[in-house]
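The structure appears below as structure tokens.
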Amino acid sequence: MDPSGKRILVVEDDPGLRFTLTDNLEEAGFSVTAADDGEEAIRLLGTDTFDIVVTDLRLPGKDGLEVLRETKTKTPPPSVITITGHGSIESAVAAIKLGAEDYLTKPFSMEEFLLLLEKVFRVRSLEEENRDLKRRIVSQSLFEELVGKSKGMLEVFDLISVVADTDATVLILGESGTGKELVARALHRRGKRKDGSFVALNCSAIPQSLFEAELFGYEKGAFTGAIRRGMGKIEQAHGGTLFLDEIAEMPPSAQVKLLRVLQERSFTRIGGNENVHVDIRIVSATNKDDLKAMVAEGSFREDLFYRLNVFAIRMPPLRERKEDIPLITDHFIEKLGGARRVSDAAMAMLMDHRYPGNVRELWNIVERASILCREGTIEPKHLPPELPGAGKTSSERLPAEGEILQLKDAVRRFEQDYIQRALKAAGGSRTQASNLLGIGRKALWERIRK
Ligand SMILES: Nc1ncnc2c1ncn2[C@@H]1O[C@H](COP(=O)(O)OP(=O)(O)OP(=O)(O)O)[C@@H](O)[C@H]1O
Ligand SMILES: [Mg+2]
């Protein structure tokens, strides 16, 4: 136990005992404040903070139980040790019931006292650690399932933290499968609207003719089949977050109306003229890197683009943050519950791949592999054939980044791989392949045989 910086309040009316306690505690390195009655103690609890309060139960005026009650109004409450007179065990029990950590019965030795104090401190620091741990777990889960430790992802986490708690309109940009929807959900979960709904609308999944009804809702009789009023996504998101996915696909007529929602937080249902006010936060996403180009060519409204793009979060593609691959792979393996680990050779191949489908593609690869592998370890042969070097034994595939071989072995592997490619390009014809490679048919044949 390290007593430095720990603050103890001693409440004791007997001047002799008060002096002994204070003296011993100061000797042990604590910083001590003393009070000689309950009123003084309660006053001190109001102005100072203490880790531990040691209080006599029988005090003139306000007694030790009242001091104890007062400690419970503090956050975090100090731990309390009570001192009871000879034979008054009932009051000690009452104190424990009220939340005192422990008690001492007079007379006691200083040794007993210090031992008890140390015990109380140990419990207290365990509790603190526990609280810290819980806080950390909560803050991690607030990023939802987003895993990553690359510079790119840490920046994304920072941006989420900064903007989540505001009502700012956010545009999430990034290739397909980079986690845009997860970011949108994390923004909702971490913000002040977390108790409201998260309503998602994929703009590319709804036929143009139904789009406005879906987004803005409709009044009874607005069109054939509208037998009662229907609520649109915007209204459903009232008090929460509206996530507009694939925003580039939004039909032009809806774009105008959405602009009004962004400017005035109000809209009218289809077939109605009542102005409906909503309190929503809008987050949108697109995998079109050229939303701006769409603006230039007139297929996306410029004013809407600027309204949506108040705050942009750009998701880095997986190939630009390879250090996240092992972490995400482990995360998926844990979620899938099939395979237990990935062999070094297989991991080297996962690291080498370029992932046009980003994290979603990695997920599919890991899912497939964990079904295929029964031995609990994912090996290269469990990886899909399109991965560089998949389906080959480790002596056949190209050396992975960071894997240094003897030059002649590396050259041999490269040659094998290159000949395979030429054969593939030549549709299996050896004559054509040898032409492509600029070597004789016979030379090619020998190399294939090797
Ligand atoms: N950093 C990450 N950690 C863990 N899982 C992730 C991460 N990023 C994405 N995923 C997972 O990858 C898959 C694709 O993510 P998501 O649907 O959010 O991508 P997207 O960018 O919205 O893709 P699209 O543009 O195709 O809609 C989901 O299963 C998601 O859970
Ligand atoms: Mg998506």
Across the range 170-182, the tally of residues that are out of contact with any Ser or Thr (no Cβ under 8 Å at 6 or more places or on another chain) and either part of a loop (DSSP other than H, G, I, E, B) or more than 7 Å from ligand 1 (Cβ to nearest atom) (or both) stands at 6
Enumeration of residues in the range 321-353 that are surrounded by fewer than 19 Cβ atoms within 10 Å (Cβ to Cβ) and either outside any helix (DSSP H, G or I) or in the same structural domain as residue 163 (by TED's automatic domain parsing) (or both) | 322, 323, 337, 338, 340, 341, 343
Could you say which residue among 229, 193 is more than 16 Å from ligand 2 (Cβ to nearest atom), closer than 17 Å to residue 262 by Cβ and either outside the structural domain of residue 240 (by TED's automatic domain parsing) or modelled with pLDDT under 95 (or both)?
-> 193
Quick one: in the range 201-218, of everything that is surrounded by fewer than 18 Cβ atoms within 10 Å (Cβ to Cβ) and within 16 Å of ligand 1 (Cβ to nearest atom), which residue is nearest to residue 310 (Cα to Cα)?
-> 202
Residues of the range 264-321 satisfying the condition of being charged (D, E, K, R), within 16 Å of ligand 1 (Cβ to nearest atom) and touching a strand residue (DSSP E or B) at 6+ places or on another chain (Cβ under 6 Å) = 314
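Out of all the residues in the range 21-52, which are surrounded by 15 or more Cβ atoms within 10 Å (Cβ to Cβ) and either outside the structural domain of residue 108 (by TED's automatic domain parsing) or of a type in the set (S, T, N, Q) (or both)?
22, 24, 33
The values are calculated or read from the model by the stated rules, or taken from the named source; none is laboratory data. Bear in mind that the values here come from a model prediction, so they are computed numbers and not experimental data. Backbone-built Cβ (ideal geometry, glycine too); neighbour counts: all protein chains shown.
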